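To start, the structure under review is shown below, and the notes come after it.
The values are calculated or read from the model by the stated rules, or taken from the named source; none is laboratory data. Small disclaimer: the values here were computed from a predicted structure and weren't measured. Reconstructed Cβ throughout: ideal geometry from the backbone, glycine too, with neighbour counts over all protein chains shown. Note: areas computed on protein heavy atoms with side chains; ligands, DNA, RNA excluded. Shrake-Rupley method; radii C 1.70, N 1.55, O 1.52, S 1.80 Å.
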Amino acid sequence: MKHTYTTLIIDDEVPARALIKSYLEKWTQLKFVGECANGFEALKAIKEHKPDLIFLDIQMPKVTGLELLEVLNEAPQVIFTTAYDQYALKAFELNAVDYLLKPFSVQRFDEAVNKVLAQLHGGIAATNLPSPSDIKEDALLDRIVVKKGTNLSVLSLDKVLYIEAQTDFVSIHTQEERFLKSKTMAYFEAHLPSNNFIRIHRSYIVNTNAIKGLEPYDKDTYLAIISPDVKLKVSRTGYKRLREMLNF
């Protein structure tokens, strides 16, 4: 029995979406259910259609394809379609099935689709993604995309007061609210700009601009005062880092 799988196209460029739709016409196993021009539309469409496969552009206005994937609770099979090769490591981390560089041929497209069908049928599909050791690390973050309910928000880094370790997530605190994100403290320690963000404790990374002062807590340890109601523990190592960064 032949299975039919649903697919969604997410790309801000109309010609790019039209090309993928034309390439899909011969694939009777794939049912086209919609197209989206940005990440906000895509989040709603993914919730509505629950597609088995998405063709996902990376560089889009407001929310990138990578940022969209990071906030999905259950990601479908993904084929990235992009004009930029520097995001291959991120695609690898997000378990993309394939990474098509624009302009891509119908033959290369068919190869990617065959991989997805093998995955969906329970087979083991190889990938053309390079191994992490062959790719340069991602650039530093200049914003953080978060989800609350079905809504996406883009946080500028100056809005982030501190990041707190949770069991399987991190909690990102702003002045008004907090957001959970499925990332590690190590990730944020490596990808936030070190001139503003510092790890003061195994449980906290803090925006130094949010620190109002320090007060003694225990022998050789301190509390970083964020507000009268928020005081974060500073480890010995964290205190040393603060002294070096803030020159006191």
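From the list Ser156, Ser182, pick out the single residue that is small (Gly, Ala, Ser), on the phi < 0 side of the Ramachandran plot and free of Cβ contacts under 8 Å to residues at least 40 places away in the same chain. Please lay out each step first, then the result.
On the way: Ser182 fails: free of Cβ contacts under 8 Å to residues at least 40 places away in the same chain.
Only one candidate passes the filter, namely Ser156.
For the range 77-90, the set of residues classified as touching a residue at least 24 places away in the same chain (Cβ under 8 Å) and either under 19 Å from Glu111 (Cβ atoms) or surrounded by fewer than 14 Cβ atoms within 10 Å (Cβ to Cβ) (or both) consists of Gln77, Val78, Ile79, Phe80, Thr81, Thr82, Ala83, Tyr84, Gln86, Ala88, listed by residue number. Taking the range 17-40 as the range and being buried (at least 19 other Cβ atoms within 10 Å of the Cβ) and among the small types (Gly, Ala, Ser) as the test, only Gly39 passes.
For (1) in contact with a Pro (Cβ under 9 Å, 6 or more places away or on another chain); (2) modelled with pLDDT of 90 or more; (3) within 19 Å of Ser171 (Cα to Cα), each residue gets a yes or a no:
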| site | (1), (2), (3) |
| --- | --- |
| Val206 | no, yes, yes |
| Asn209 | no, yes, yes |
| Glu215 | no, yes, no |
| Asp220 | no, no, no |
| Ile225 | no, yes, yes |
| Asp229 | no, yes, yes |
| Leu232 | no, yes, yes |
| Lys240 | no, yes, no |
| Met245 | no, no, no |
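Going by the structure shown, is Thr28 out of contact with any helix residue (DSSP H, G or I) (no Cβ under 6 Å at 6 or more places or on another chain), at pLDDT 95 or above and more than 25 Å from Gly149 (Cβ to Cβ)? Spell out the reasoning first.
Details: out of contact with any helix residue (DSSP H, G or I) (no Cβ under 6 Å at 6 or more places or on another chain): yes; at pLDDT 95 or above: no; more than 25 Å from Gly149 (Cβ to Cβ): yes.
When the stated conditions are applied, Thr28 does not pass them.
Each residue in the range 174-191 was checked for being out of contact with any helix residue (DSSP H, G or I) (no Cβ under 6 Å at 6 or more places or on another chain) and either outside any helix (DSSP H, G or I) or of a type in the set (S, T, N, Q) (or both), and 10 of them qualify. Checked against (1) over 20 Å from Ile144 (Cα atoms); (2) in a helix (DSSP H, G or I); (3) open to solvent by 10 Å² or more (accessible area, probe 1.4 Å), Leu66 meets all criteria but (1).
Specify which of the listed residues (Leu242, Leu152, Leu192) is over 28 Å from Asn38 (Cα atoms) and surrounded by 15 or more Cβ atoms within 10 Å (Cβ to Cβ).
Working: Leu152 fails: over 28 Å from Asn38 (Cα atoms); Leu192 fails: over 28 Å from Asn38 (Cα atoms).
Just a single option satisfies the conditions, and that option is Leu242.
Do you know which residues across the range 217-248 are among the aliphatic types (A, V, I, L, M) and assigned to a strand (DSSP E or B)? Give the steps one after another, and end with the answer.
Residues of the range 217-248 that are among the aliphatic types (A, V, I, L, M), as a first pass: 223-226, 230, 232, 234, 242, 245-246.
Of everything in the range 217-248, those that are among the aliphatic types (A, V, I, L, M) and assigned to a strand (DSSP E or B) turn out to be Leu223, Ala224, Ile225, Ile226, Val230, Leu232, Val234.
Pairs under 9 Å by beta carbon, first residue closer than 17 Å to Leu8 by Cβ in the range 107-131, partner at pLDDT 50 or above and assigned to a helix (DSSP H, G or I), six or more apart or different chains? Every condition considered, the pairs that remain are Phe109/Leu19; Phe109/Ile20; Phe109/Tyr23; Phe109/Leu24; Val113/Tyr23; Val113/Leu24.
Before we move on, is Tyr217 open to solvent by less than 80 Å² (accessible area, probe 1.4 Å), touching a residue at least 12 places away in the same chain (Cβ under 8 Å) and not β-branched (Val, Ile, Thr)? Don't jump to the end; show me each part of the working.
Details: open to solvent by less than 80 Å² (accessible area, probe 1.4 Å): no; touching a residue at least 12 places away in the same chain (Cβ under 8 Å): yes; not β-branched (Val, Ile, Thr): yes.
Criteria not met by Tyr217.
When Leu43 is tested against (1) over 18 Å from Thr6 (Cα atoms); (2) open to solvent by 10 Å² or more (accessible area, probe 1.4 Å), just one condition goes unmet, and that condition is (1).
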